[in-house]
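The values are calculated or read from the model by the stated rules, or taken from the named source; none is laboratory data. From a predicted model like this one, the values you see are computed outputs, not experimental measurements. When we count neighbours, we look across all protein chains shown, and the Cβ atoms used for this are built from the backbone with ideal geometry, even at glycine.
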There are 2 protein chains.
Amino acid sequence: MTLSARKPLLIDALQYNKPERARFEEWKRGGVGCVHVTLSIWENARETLTVIGEWNRLLEQNDDLIALATTGEDIERIAASGRTAVVYGFQDTSPFEDDIELIEIFYQLGVRIAQLTYNVQNRVASGCWEPDEAGVSKFFGRNVIAEMNRVGMVVDVSHCTERTCFDAIEYSSRPIAVTHANPQEFVGTDIELNRRNKSTALIKRLAETGGVIGLSNYPKIMKNGSDCTLDTFLDMVSWTVDLVGTDHVGLGTDFYDGWPESQIKWWRAGRWARESAIPIKGFSKWPSWFQSPVDFPNILEGLEKRGFSGEEIARIAGGNWLKLFREGFVPAASARTANAA
Amino acid sequence: MTLSARKPLLIDALQYNKPERARFEEWKRGGVGCVHVTLSIWENARETLTVIGEWNRLLEQNDDLIALATTGEDIERIAASGRTAVVYGFQDTSPFEDDIELIEIFYQLGVRIAQLTYNVQNRVASGCWEPDEAGVSKFFGRNVIAEMNRVGMVVDVSHCTERTCFDAIEYSSRPIAVTHANPQEFVGTDIELNRRNKSTALIKRLAETGGVIGLSNYPKIMKNGSDCTLDTFLDMVSWTVDLVGTDHVGLGTDFYDGWPESQIKWWRAGRWARESAIPIKGFSKWPSWFQSPVDFPNILEGLEKRGFSGEEIARIAGGNWLKLFREGFVPAASARTANAA
C-alpha cells in the first residue's frame, strides 16, 4: 500500500499565516488534516476578539476547505471529510492580559493552545531572548498554568527560556507541548537562533511527562538554514526519535505566508520597542523541498524511504499530536471522569 | 523660631487613599504641602483614564485644598498657597500595558512617577514576592526605564525585588526613588513583610546615585508593627541618616484610608488570582502617634527634639523629594539644556 493510499492524519502543530483562502487551498493540496494556527502574539484581549471575528467569517466563507476543531474528535472528523481542521492558539498569553478569568473565556471561544510567552518576559513567564534563569512567575504564571490545566488548554513553551520550559513541566498537571522547535544539540551553534531550540535534557523531560515536540523546517532554527536538505531534516527526525522514541515527536513547521514585510517588526518588537532588538533581514527563504505546505508529501515519503514503518509515520505525522490534543483539550474534571470510567 | 513658624515644605512620597475631600482636609490640617498619590496598581490604560477623569473632577471641586503639580515649581507654588500639591503616580506599570508609547501619553496627562512593578512579575520587572534573582526584563523593562528617563517620569522601585532595584539603578540615567520602604536591617526579620523593605547595600547604592528613600510608618513594614513607637520610628530615621546622610532620606507613609475592606483583595490579587496568596487580615491599625496625616507634626517635632537642625528637618520633611522631583520631572533634553546653561 502506498503512502497516499494509507493517508496518515497529518497535523502541523504551528503555522502563522495571514489567514486567507490561498493558504487553505495549499493545506488541501498538501493533504494537511489539521493546522494549529496563531491568533495572537502581542494582541490584547479586545484585539484578539477582532481576530476571532475575522476567523468566524473565514470559517463561514471557506467551509469547503476548513472547519474549527475544539476536540480531538473534531480533528478526526474534519480531516476525514477531506478538509483541514483549524485549532486556535496563541503564541503569547497577551490575550489573557492580567486576568485569570480570560483563560476560560477564550476557551469558550475555541482557543485550545497557548504559549506562555513569545521571546520576552511577560507576567506569566520568560522568553528565550531573556536571561536563562528567568522562569514561570510565582503567582500569575503558576495560576495561569493551573487554570489552563483546569479548562483544557494545552501549555506551549516553544519560544520560552529553558527554565520556563522546566518550570511549566513541573507546574502543569497535564503534558505540555513544544509545538515548533528543534533539538539544540542536533542543530548546532552555527545557527544564530539556536537559543530558540530545545536542550537534550529538556526534550527528554518533555517526553517523560507525555509531551510532544513539533520539529520545524523554519530556516532560522534549522541546521544549514535555508540550505538545509530534506536529508538533514530527516536526520533530525531520526536523531530525535533515537532520543525519545516515536511517541513524542511530531511536526510543527512554523510556516508563514501572506504577510507584508512590515509584519516582521510587529513580531520582533510588538509595541514594546520602537525598533527591533534583532536586525530585520526580511522573510526567510524556505528550503527547496518545502516551499509551502503543498510539499508535505516530500517529508512523508522521505520518512518512508528512511525505513520508518507506517505506524511510526502515522505517529510522527499526526498521531502523537492527536493524542495530546484529544486528552489535553478536555476539561480536567471530564478528563478525571474519563480516566475513572 | 518654632517649627510651625518655619513651616518646612512637607512632602509625603506615597499615599493610596480612596480620593475624597476628607483626606484633602486632613492634609491641610497636618500641614502637608505635597502628596504623591497612586492612580493605578493593576488598572490598565483605559481604566487609568477613568481614574484620571475622576481626579479631574476632584481637582475642580476641591481647588480650595488641592491642585495638580507636574513640576517642582508647581509643588512649591501650590504648597506656598496653603494647599496641597498632588503628584500623580502609578504603583505598577500596568497602565503602560505593552506599549512604549503610553509612557509619554500618561506623562502628557500629568503622571510623574511610576513604580516598575507591584509585588509580582510583569513585562517590565519583578516584585518582592517573586524570587530574588528576578530583575528588570532585558527588552521592555530597559526600554521603559529609558523612556521614563527621556520624558521625565521618576522610576520608583519600592515594591520590587532587590535585583530589580539594582538593575533599575544601573539602567536609569537619572536618580530613582524608593518612595515608601524601610531599611531591612533596622526593622528586622520579626516583621513578616520585611522582604518588602530594602537592604543596607541597596540604600547605600540608591544614595550614591542621587536617589531618595521615603521612610514609612505603615505597620506591616515597621519594627513592632502597629505598636511601633514614635521613638522607634525616629530611631529608624536616625539609623538611615547615619547610613547615607540627610540628603537621601525622606518620608513616604504609605498611608491609606477610605477604602472598603474588599479593596485589600484587589491590592493583593488583582485579577491575576481568584484568592490572595497572602492571608487577608483586614486593614492594619496605624500607630497611636500617626492616626492620619493630621499627625505629621508629631514626626516633625520628634525630629526637632532629636536634635536635627532646621535645615536637616527641611531636607527630610520634603527638601530631598523636592530636589529629586524638580530635576526628575523635567524631560531629559530640557534637563541637559538646563545643565549646559
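Cβ separations smaller than 8 Å between residues 6+ apart or across chains give the following pairs from the range A:90-102 residues that are farther than 12 Å from residue B:98 by Cβ and within 7 Å of chain B (Cβ to nearest Cβ) to residues that are part of a loop (DSSP other than H, G, I, E, B) and not basic (Lys, Arg): A:99/B:272; A:100/B:272; A:100/B:273. Residue B:314 meets the conditions (1) closer than 22 Å to residue B:12 by Cα; (2) not in a helix (DSSP H, G or I) in every case but one. The failed one is (2).
Here is the figure for the range A:264-275: residues that are without any contact (Cβ under 8 Å) to a residue 12 or more places away in the chain and either part of a loop (DSSP other than H, G, I, E, B) or more than 14 Å from chain B (Cβ to nearest Cβ) (or both) total 3. Would you call residue B:223 in a loop (DSSP other than H, G, I, E, B) and buried (at least 17 other Cβ atoms within 10 Å of the Cβ)? Yes; evaluated as a whole, the condition is true for this residue.
Taking (1) modelled with pLDDT under 95; (2) part of a helix (DSSP H, G or I) in turn, residue B:131 satisfies each apart from (2).
Residues that are part of a helix (DSSP H, G or I) and among the aromatic types (Phe, Trp, Tyr) within the range B:38-96 comprise B:55, B:96, listed in sequence order. Does residue B:172 satisfy the criteria of being buried (at least 24 other Cβ atoms within 10 Å of the Cβ), in contact with a strand residue (DSSP E or B) (Cβ under 6 Å, 6 or more places away or on another chain), under 28 Å from residue A:129 (Cα atoms) and more than 11 Å from chain A (Cβ to nearest Cβ)? For residue B:172, the condition - buried (at least 24 other Cβ atoms within 10 Å of the Cβ), in contact with a strand residue (DSSP E or B) (Cβ under 6 Å, 6 or more places away or on another chain), under 28 Å from residue A:129 (Cα atoms) and more than 11 Å from chain A (Cβ to nearest Cβ) - is not met. Total residues in the range A:129-182 satisfying the condition of being under 13 Å from residue A:115 (Cα atoms) and over 19 Å from the mean Cα position of the chain (by Cα): the figure is 2.
Within 14 Å of chain A (Cβ to nearest Cβ), within 26 Å of residue B:95 (Cα to Cα), touching a Phe, Trp or Tyr at 6+ places or on another chain (Cβ under 7 Å) and not acidic (Asp, Glu): is that true of residue B:66 in this structure? Taking the combined requirement at face value, the residue does not satisfy it.
Can you say whether residue B:22 is within 14 Å of chain A (Cβ to nearest Cβ) and farther than 24 Å from residue B:324 by Cα, as far as the supplied structure shows? So residue B:22 does not fit the description; no. Restricting attention to the range B:226-249, the residues that are outside any helix (DSSP H, G or I) and of a type in the set (D, E, K, R) add up to 1. Taken over the range B:276-303, the criterion of being among the charged types (D, E, K, R), surrounded by fewer than 17 Cβ atoms within 10 Å (Cβ to Cβ) and in a helix (DSSP H, G or I) is satisfied by B:301 alone.
Among the residues making up the range A:103-121, those that are more than 14 Å from chain B (Cβ to nearest Cβ) and part of a helix (DSSP H, G or I) are A:106, A:107, A:108. Going by what's in this entry, would residue A:130 be described as within 11 Å of chain B (Cβ to nearest Cβ), surrounded by 21 or more Cβ atoms within 10 Å (Cβ to Cβ) and free of Cβ contacts under 8 Å to residues at least 60 places away in the same chain? When the stated conditions are applied, residue A:130 passes them. Scan the range B:136-156 and give yes if some residue there is over 25 Å from residue B:37 (Cβ atoms), within 11 Å of chain A (Cβ to nearest Cβ) and of a type in the set (S, T, N, Q), otherwise no. Scanning the range B:136-156, I find at least one residue that is over 25 Å from residue B:37 (Cβ atoms), within 11 Å of chain A (Cβ to nearest Cβ) and of a type in the set (S, T, N, Q), so the answer is yes.
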